[in-house]
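The numbers here are math on the coordinates, done by the rules we state, and not lab data. Everything numeric here is computed off the predicted structure, so don't read it as measured data. Ideal geometry is used to build each Cβ from the backbone, glycine not excepted, and the neighbour counts take in all protein chains shown.
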Amino acid sequence: MSPLLAAASNTAHPSAAWLLLAALGAGGYLLHCVIWPYRACRKCDGAGRFRSPSGRAWRYCNRCAGKGAQLRTGRRIWTHLKSIDRNRR
Ligand SMILES: [Zn+2]
């Protein structure tokens, strides 16, 4: 157990430690999404297009518009949070 968690569980209710852990995890995930905003499109596995059975023709993936990348959920949340911050000023 890390000193931070030990301190949290000694001073506060045990569930507070889990809350802290969840907050840290969410914060880490958000940071991860800020640095790496995209994930491979699930439909085309990041290829951005589908090949025809002949292998000569292909079409763009509809879901990612041929980019092969999709914004991650955490990045959408981050963008949303930033827009709230911008509206406040
Ligand atoms: Zn796609």
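Pull the list of the chain cysteines that no other Cys approaches to under 4.7 Å, Cβ to Cβ. Among the cysteines of the chain, those whose Cβ sits 4.7 Å or more from every other are Cys33. Only helices enter this figure: runs of n ≥ 4 DSSP H residues, each worth -39500 (n - 2.57), summed and divided by the residues of the chain, yield -17500 deg cm²/dmol at 222 nm to the nearest 500.
Could you pull out every whole DSSP H run in the chain that spans at least 18 Å of Cα extent along its own axis and averages -1.0 or higher on the Kyte-Doolittle scale? Intermediate results must be reported in sequence, preceding the final value.
Details: long enough: 14-35 (32 Å, 1.55); 73-88 (23 Å, -1.43).
Correct list, ordered by number: 14-35.
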